[in-house]
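The values are calculated or read from the model by the stated rules, or taken from the named source; none is laboratory data. All values reported here derive from a predicted model rather than from experimental measurement. Cβ placement follows ideal geometry from the backbone for every residue including glycine, while neighbour counts extend to all protein chains displayed. In case anyone asks, the SASA skips ligands and DNA or RNA and just uses the protein heavy atoms, side chains included. Shrake-Rupley method; radii C 1.70, N 1.55, O 1.52, S 1.80 Å.
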Amino acid sequence: MPDPLVLPRRRRMRGATPQGTWWGRAWLRSCEEVAAGPDELAGARALARSGRFGAVVVLAGMASAVLDPGGEGALVAQVKVATLTDDEWEVVVRTLAGRSGHLAALETGELPDELVAETDQHGVELLPGPEAITTACECAGWAQPCTHALALATLLAWAMADDPYVLLLLRGRTRETLLDAAAAGDATRHAVEDAAVRARRILQLSDEAPPGQGFADSAVAAYDERIERLL
């Protein structure tokens, strides 16, 4: 199993919250859509800003953090996300390999909206809907998501703004796995394109084949040599 991604503990925030991103807001909307009401949402945002959470540990399909670590009332909150299937990740990898700009954007901290749109056209949702997100917490609250889990989801949204690979890991793949798979897919694509170019050239040459007068004919020999190089 790959090593977990550990997001450092955030200090207590005074003033403005971290700058949001469109994908972070979309993630948070999905988490908040099943919240009990506005009071829980306001409480979750305040708790996320409080600095009371320890480091957030992110694995494929799950994130967890301890509230008030080391204290008597410490508790663990979790957010779980349905991971994409292997076939769905194949769609994502093909899309990444097909456009180098997508990977470049991810490496600079951006989630290209074109990537999300293109995979969505193939039935693959990189951004999970509310039905793909569940939460758990050790608190005594009867409703989920509780304030603690929503606060954790808020912390994750801020982390996604800094690093979109946090979102992709929650959907099931690490940065390293995606980069390796996209590189392999890019190499395969170039090999296929090169083979197609060679095939078209061979067909073109076949139309130009000299009539020839036997094996010793120099034109035929030169033609055969050109074909052999393409093969």
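Observations on the structure shown:
- For the pair W142 and D87, a Förster radius of 35 Å applied to the C-beta separation gives a FRET efficiency near 0.40, rounded to the nearest 0.05.
- Available extension along the chain between A104 and E125 is 5.5 nm, counting 0.36 nm per residue and deducting the alpha carbon span.
- Per-residue extension of 0.36 nm, minus the Cα-Cα distance of A42 and L179, leaves a gain of 45.5 nm for this segment.
- Taking only the C-alpha atoms of the stretch 129-186, Rg followed by Dmax gives 15.1, 50 Å.
- Computed extension length for R29-V76: 14.7 nm, one decimal, from 0.36 nm per residue of separation with the Cα-Cα distance subtracted.
- Qualifying trypsin sites (Lys or Arg not before Pro) for the stretch 3-86 [loop in DSSP, other Cβ within 10 Å: at most 16]: R9, R11, R12, R14
- Rounded to the nearest 10 Å², the accessible area of V66 at probe 1.4 Å: 50 Å²
- Each Cα pair under 8 Å and six or more residues apart adds its separation to the average, and for the stretch 80-151 the resulting relative contact order is 32 percent.
- In the stretch 52-179, the portion of solvent-accessible area held by carbon and sulfur atoms comes to 50 percent [1.4 Å probe, whole percent, DNA, RNA and ligands not counted].
- Applying Stokes-Einstein at 20 °C and 1.002 mPa s to the Kirkwood radius of the stretch 1-142, computed over alpha-carbon pairs, gives a translational diffusion coefficient of 124 µm² s⁻¹.
- Isotropically averaged projected area of the stretch 61-150, using the convex hull of Cα atoms (one quarter of hull area), nm²: 7.6 nm²
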